[in-house]
Amino acid sequence: MESLLKKVLLIGMGTYALTKEKMEAFLDELSNSVDKIKEEEFLSKIIEKGEETRKELEKGIAERLQQLISRANLASREDILRLERKIDKLREDIEQKG
């Protein structure tokens with residue numbers, strides 16, 4: 001489990017590094033033309049790009065976590081809920097017979 005957590009953290013840090021590089025490249029590109037862009041448009045573009053990057057980061061982390069969980073053969077939330085329903089059904093059957 002500790003190994004899984006380390007991998008998750010490393011994935012997060014790697015994704016952050018890639019995102020940081022993308023953001024720096026984007027800011028460099030914008031800084032070259034900042035004289036042409038009004039301040040509000042500039043900030044709006046930065047916010048928009050930040051949101052896009054955040055969504056990409058969340059999606060990438062979620063996908064990678066799902067892969068790791070799948071490989072680790074951990075029970076999913078659906079698996080646990082399904083088992084809880086089966087247990088409840090068995091309890092009902094036992095109470096009816098008992």
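The values are calculated or read from the model by the stated rules, or taken from the named source; none is laboratory data. Quick caveat: nothing in here was measured; it's all calculated off a predicted structure. Backbone-built Cβ (ideal geometry, glycine too); neighbour counts: all protein chains shown.
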**Prompt:** All but one of (1) surrounded by fewer than 11 Cβ atoms within 10 Å (Cβ to Cβ); (2) at pLDDT 70 or above hold for GLY50; which doesn't?
**Reply:** (1)
**Request:** Six or more apart or on different chains, Cβ under 8 Å: which pairs go from a residue in region 19-36 that's assigned to a helix (DSSP H, G or I) to one that's modelled with pLDDT under 70 and of a type outside the set (Gly, Ala, Ser)? Could you list them?
**Result:** LEU30/ILE37
**Request:** Please work out which residue is farthest from MET23 (Cα to Cα), limiting yourself to region 44-73 and to residues that are hydrophobic (A, V, I, L, M, F, W, C) and part of a helix (DSSP H, G or I).
**Result:** ILE69
**Fill in**
Filter region 59-98 for residues that are at pLDDT below 90 and among the polar types (S, T, N, Q); the one that is surrounded by the fewest Cβ atoms within 10 Å (Cβ to Cβ) is ASN73
**Asked** Do you know which residues across region 32-47 are modelled with pLDDT under 75 and surrounded by fewer than 11 Cβ atoms within 10 Å (Cβ to Cβ)?
**Response** ASN32, SER33, ASP35, LYS36, LYS38, GLU39, GLU40
